[in-house]
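The values are calculated or read from the model by the stated rules, or taken from the named source; none is laboratory data. The shown structure was predicted, so the numbers you read here are calculated from the model rather than taken from an experiment. Quick reminder, even Gly has a Cβ in these numbers, built from the backbone with ideal geometry, and neighbours come from all protein chains shown.
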Amino acid sequence: MKNSKKVNLVRIISDLPVGGVERRLVSILPRLQENFNISVVCIREKGELADELEKRGIPVYLVPFKGRIHPQSLFSLSQLLKKMKAQIVHTHMYRPNVSGTLSAKIAKIPVIISNVHNVSQWDTRRQIIMDRFVNRFRDCVIAVSNEVKRDFMEKTGIKEDKCCVIYNGVDTEVFTPADRSKEFLEEFGIGEDEKIIVNSARLMPQKDHKTFLYAAKEVIKNFAGKVRFCIVGRGKCREEIKRLAYNLGIDDKVIMTGKRDDMAKIFQSSHISVLSSLKEGFSNVVLESMSCGIPVVATDVGGNKEAIVDGETGFLVKVEDYIDMANKIIMLLENESLRREFGKKARKRVLENFSIEKMIEKTEDLYSKLLDGKLRKVRQ
């Protein structure tokens, strides 16, 4: 997409903590600046990653929403969008998707797009009704996987021609195979001869760290070599996870790193990546692990089966099946050649299908198609 004049693009999100969706925005938006004047609006709080975007020349605004759909907040956001002369508004997650769409409609923004990042994101019938209502104002809904698209269409009744799939993309130059990081190993007292199984996810119930820890106990019991289990992330379940590791008698084998900004180093230092989630949209962690050339053992939910080729680049297991999860981990630990083969195929699959360049290309093509279509209608 090459324009003589840049298009005014506004992304709307709840806030910018260090999460998967938010990290992806920080990675993608600077790459869109050649063709777009980009702004970000948060409707809850700015969050930690706001400074990083602003350092890259992308302003971040805060329009606090009092309650779910507050008239004054809708008006304030619509006035800001008018002031920005926004031509495309692109929203993320449930509350910004609804509130941002309504505000953009009030402001008469030409193109309105919502991104859906997970399956079954609706907690109440009211939320489904609201999404059904605002679908009429959306020009397109982007789902991050075919499973998310199917789920959204089924729940909200949106027509298929208004819903498309654009997979998450990973920076394959940052997340690339490399030697193990001595710095990381030394920080946590991990020996060169120890295998690392990494689980990177928010410490929340839906990520089901309980199953991961039960699988870890089985691995420790049945694998002859030295192994450590690295849990990366933060969240409200931290103490519960620590307590379970202690009660299972494996706390000396479990490392809880907290929030990290060096995920590439951690994946490069690990041997297997595990995702034990009860539900997923399309996991950034799966892609980043694969891009670093390590196999993934993940639950067969959401878009995981669209990223992982079961038995070729990793393994898919049933939700909460810690025995099968442990068996697959042990198989990869005991067979180095299989582990390396899976890792190479995983890296190749990401390069061919899930690079950040491909994601940006498809996003720009969609923007161009929708905006050109609106401009043609205006001229007629």
Item to complete: Evaluate region 353-373: report whether one residue or more is over 21 Å from G169 (Cα atoms), modelled with pLDDT under 95 and part of a helix (DSSP H, G or I).
Response: yes
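Which one of V141, V134 is over 20 Å from the mean Cα position of the chain (by Cα), at pLDDT 95 or above, crowded, with 20+ Cβ neighbours inside 10 Å and more than 29 Å from S270 (Cβ to Cβ)?
Numbers: V141 fails: over 20 Å from the mean Cα position of the chain (by Cα).
Answer to the selection: V134.
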Worksheet entry | Long-range neighbours under 9 Å by Cβ, at least six apart or interchain, first residue over 14 Å from R23 (Cβ atoms) within region 43-67, second part of a loop (DSSP other than H, G, I, E, B) and aromatic (F, W, Y) | I43/F65; R44/F65
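Per-residue answers, yes or no, for (1) touching a residue at least 60 places away in the same chain (Cβ under 8 Å); (2) surrounded by fewer than 24 Cβ atoms within 10 Å (Cβ to Cβ); (3) not acidic (D, E):
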| site | (1), (2), (3) |
| --- | --- |
| N222 | yes, yes, yes |
| G233 | no, yes, yes |
| C237 | no, yes, yes |
| L248 | no, yes, yes |
| I255 | yes, yes, yes |
| V274 | yes, no, yes |
| L278 | yes, yes, yes |
| S283 | yes, no, yes |
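Quick grid of which residues meet (1) more than 27 Å from L366 (Cα to Cα); (2) of a type outside the set (S, T, N, Q); (3) buried (at least 16 other Cβ atoms within 10 Å of the Cβ):
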{"position": "G19", "(1), (2), (3)": "no, yes, yes"}
{"position": "S27", "(1), (2), (3)": "no, no, yes"}
{"position": "G47", "(1), (2), (3)": "yes, yes, yes"}
{"position": "E52", "(1), (2), (3)": "no, yes, yes"}
{"position": "F65", "(1), (2), (3)": "yes, yes, yes"}
{"position": "P71", "(1), (2), (3)": "yes, yes, no"}
{"position": "L77", "(1), (2), (3)": "no, yes, yes"}
{"position": "K85", "(1), (2), (3)": "no, yes, no"}
{"position": "I88", "(1), (2), (3)": "no, yes, yes"}
Worksheet item: Any idea which residue in region 187-234 is farthest from A245 (Cα to Cα), counting only those that are polar (S, T, N, Q) and in contact with a strand residue (DSSP E or B) (Cβ under 6 Å, 6 or more places away or on another chain)?
Response: S200
Item to complete: Being without any contact (Cβ under 8 Å) to a residue 60 or more places away in the chain, part of a helix (DSSP H, G or I) and out of contact with any strand residue (DSSP E or B) (no Cβ under 7 Å at 6 or more places or on another chain) is the filter here, so list the residues in region 138-157 that pass it.
Response: R150, D151, E154, K155, T156
Worksheet item: Do you know which of the residues in region 239-272 that are assigned to a helix (DSSP H, G or I) and in contact with a strand residue (DSSP E or B) (Cβ under 7 Å, 6 or more places away or on another chain) is nearest to D171 (Cα to Cα)?
Response: M263
Worksheet item: Is there a residue in region 157-179 that is farther than 17 Å from N353 by Cα and of a type in the set (S, T, N, Q)?
Response: no
Response to the item:
By residue number, the members of region 312-337 that are among the acidic types (D, E) and more than 24 Å from the chain's Cα centre (by Cα) are D324, E334, E336
Worksheet item: How many of the residues in region 194-223 are closer than 25 Å to S181 by Cβ, among the basic types (K, R) and assigned to a helix (DSSP H, G or I)?
Response: 1
Practice prompt. With the condition kept exactly as written, say whether any residue in region 47-70 is acidic (D, E), in the same structural domain as L370 (by TED's automatic domain parsing), closer than 28 Å to R125 by Cα and not in a helix (DSSP H, G or I).
Written response: no
Item to complete: Kindly establish whether V111 is more than 13 Å from Y94 (Cα to Cα), among the β-branched types (V, I, T) and assigned by TED's automatic domain parsing to the domain that holds R95.
Response: yes
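Against the condition under 18 Å from the mean Cα position of the chain (by Cα), under 17 Å from Y214 (Cβ atoms), buried (at least 24 other Cβ atoms within 10 Å of the Cβ) and of a type outside the set (V, I, T), how does A307 come out, does it pass?
Considered against the rule, which asks whether it is under 18 Å from the mean Cα position of the chain (by Cα), under 17 Å from Y214 (Cβ atoms), buried (at least 24 other Cβ atoms within 10 Å of the Cβ) and of a type outside the set (V, I, T), A307 comes out as no.
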